[in-house]
Amino acid sequence: MKDTAAAPAVAPGSALKPDLSNWDPENPATWDSKLAWRTLSVSTFTMILAFATWYLVSAIAPRLGDIGFDLTDQQLYWLVAIPGLAGGLIRFVFMFLPPILGTRKLVALSAFVLLLPMVGWTLVVRDTSTPYWVLLALAFSAGVGGGSFSGLMASTSYFFPKRLSGTALGLQAGIGNFGIGVVQLLVPWVVGFGLFGTAVLTPQSSADGDLVWLHNGGLVLIPWVLFAGILAIVVLRRVPVTANFRQQLSIFRLKHTWIMTAIYLMSFGAFSGLAAQTGLIIRDVFGGFDDAPNPLAWAWIGPLLGAAVRAACGPLCDRWGGAIFTFIGGAGMTLGTIVTLMFLSPTSVDAFWGFLTGMMVIFFFSGFANAGTFKQMPMIFPKLQAGGAIGWTASVGAFGPFLVGIALSAISPTVFFIVCAAWCAFCTGLAWWYYARPGAEKPS
């Protein structure tokens, strides 16, 4: 952060200039809580839309066959996995942008780039002759919604003192994660009727005699994205945290960058990956039984549960520290994967309830671990490095949907959950040894 001690103080709550030359959240005389919470609100609203865009393909893909697209199961797995790959790669770009662009430009950019996948999917689902490579390209473009997370979270960390970092980042990430459940719940509903006059303006697709407006999945979010971008331009400001690429790369020389990366790959990687693939797992494991459960009726519950727990745990992490929540979350996720394993070779559809219980345990405790890690990083790293560490770990965690999707296309769910249980146990051990145990190297 710049040395701006000579600049005149700005009283909390006062009118602020676009470039706040003396901003320091740790100094009450130069911190404006109203600006900080306003920034959090606008960034979080944008993040909800970003996550909804990131998971738009997972909500649309199960219906493509209904309207005439001829895609194999393997193609569908890849289609749903590609946004995860893109999200991780794009986060490597966004992690460097907060100190370069500033918050106002960054949040506005994060909103407006969402228009590409939304408009694209609105158009292509109306034409069942669309080549598969075009669908893959648009699935990749949806990854920009996941990619912006690294920038938005790192940027928000500049606005809050360390004592409130758990609350702020927990609320932003937790509420932002609601976008996953929102789009998976919203799309099956809005495709059933004409929206914004499209019953007249666009063709209607027929599935078994029923009318389907699948293009509404992308269309319904476009007005809100425009609103978010304009709102960011009007009400947000930039604070004086600046760094070039070389300065930010210093995080890779730190041991704890890599430890926290592994832990976050466990927590958010599993959360995001299973959020994208739960519906397909339900279909593959239980689809052969009579009265098989409808994947779309259940897939959205886990992501909403994990997001709610993450948001609720943020303030608790500020009180008791993030490390203990990360450790409890990892232990609970390990338990959840073991429970789920017990129901992956069912002899009747009744095993679905055991499977669902195990999955809900995983999602529930992922909220603990995700909140804990984002409280830890501002405490472990200095302010500038904390932003870079948040961006980097978030980038790696974003590969969850891709890694889970590709794994499930190559190995059985049983083998996958065995590997997942071992990884969760290993990362839980890291959290205990380095951060949570008495006398830990970096208690946080």
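The values are calculated or read from the model by the stated rules, or taken from the named source; none is laboratory data. Computed from a prediction, not measured in an experiment: that's the story for all the values here. Don't worry about glycine lacking a Cβ; one is built from the backbone with ideal geometry, like all the others, and counts go over all protein chains shown. Heads up: the accessible areas ignore ligands, DNA and RNA and are worked out on the full protein's heavy atoms, side chains in. Shrake-Rupley method; radii C 1.70, N 1.55, O 1.52, S 1.80 Å.
Quick notes on this one:
- Rolling a 1.4 Å probe over the heavy atoms of the protein chains gives the chain an accessible area of 38 Å² per residue.
- Sorted largest first, the spans of the alpha carbon positions of the stretch 240-376 along the three principal axes are 60, 32, 26 Å.
- The slack in the chain from Asp70 to Ile233, taken as 0.36 nm per residue of separation less the alpha-carbon distance, amounts to 54.4 nm.
- Principal axis dimensions, largest first and in whole angstrom, of the stretch 37-110 by Cα: 45, 23, 14
- For the chain, the spread of Cα positions along each principal axis, largest first, Å: 72, 54, 33
- Overall shape: oblate for the stretch 380-444, with the ratio a/c of the largest to smallest alpha carbon gyration tensor axis at 1.5 or above and b/c at least equal to a/b.
- Calculated [θ] (222 nm, deg cm²/dmol) that DSSP helices of n ≥ 4 give over the chain, each run adding -39,500 (n - 2.57): -22500 deg cm²/dmol
- Within the chain, longest stretch clear of exposed chymotrypsin sites (Phe, Trp or Tyr not before Pro) (DSSP loop, no more than 12 other Cβ within 10 Å): 197-444
- Counting every pair of alpha carbons in the stretch 284-353, the share spaced more than 17 Å apart comes to 59 percent.
- Nearest-ten-degree value, helix 322-341 long axis tilted from longest Cα axis of the chain: 10
- Apportionment of accessible area to carbon and sulfur, the chain, percent (1.4 Å): 68
- Helix 301-320 axis, angle to the chain major axis (alpha carbon atoms, nearest 10°): 20
- Förster radius 45 Å - calculated FRET efficiency between Tyr132 and Ala29 (Cβ-Cβ, nearest 0.05): 0.15
- Separation of the Arg437 and Ile411 label points, Cα + 7 Å toward Cβ, nm: 2.8
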